[in-house]
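Read-outs: derived from the displayed coordinates by stated rules, not from any lab. Keep in mind it's a predicted model, so treat the numbers as computed, not measured. No Cβ is skipped: glycine too gets one built from the backbone with ideal geometry, and neighbour counts run over all protein chains shown.
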Amino acid sequence: MMSFPNRETVEKLRSTYPVGCRVVLDHMDDPYVHIQVGSQANVTGVDDAGNVMCD
């Protein structure tokens, strides 16, 4: 069963990763997506499931 973070957790993520801030990929464990470690992106938002979305 999939669980979602509570509202407090999502709001903390939104304050930690505001729209426009830069992030750097440290690690990703997804065999279907090949993005190099060290890649950088701009945060475009955090959805209600707590996913940090990047451009």
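Quick notes
- Size of charge dipole - the range 7-48 - debye, nearest 20, with Cβ of Lys, Arg +1 and Asp, Glu -1, no other charges: 220 debye
- Rounded, prolate or oblate (a/c below 1.5 giving rounded, otherwise prolate when a/b exceeds b/c) for the chain by Cα gyration tensor: oblate
- Amide H contacts of Cys54 (H built 1.01 Å from N, under 5 Å, at least 5 apart or other chain): Thr44
- Residues Val37 and Glu11, FRET efficiency given R0 of 25 Å [Cβ-Cβ distance, rounded to 0.05]: 0.30
- Amide H to amide H, with H built 1.01 Å from N, Ala41 comes under 5 Å of Val23, counting only residues 5 or more places away or on other chains.
- Furthest towards positive pole of dipole, Met2, Leu25, Val43, structure part the chain, Cβ charges: Val43
- Helix 7-16 vs. the chain, principal-axis angle (Cα, 0 to 90°, nearest 10): 40 degrees
- Inter-part distance where the range 41-55 and the range 1-34 are each reduced to a Cα centre, Å: 6 Å
- 3J(HN,Hα) from dihedral phi, the range 19-30, Karplus parametrisation 6.51/-1.76/1.60, rounded to Hz, x for glycine, proline: 3, x, 6, 9, 10, 10, 6, 8, 7, 8, 10, 9
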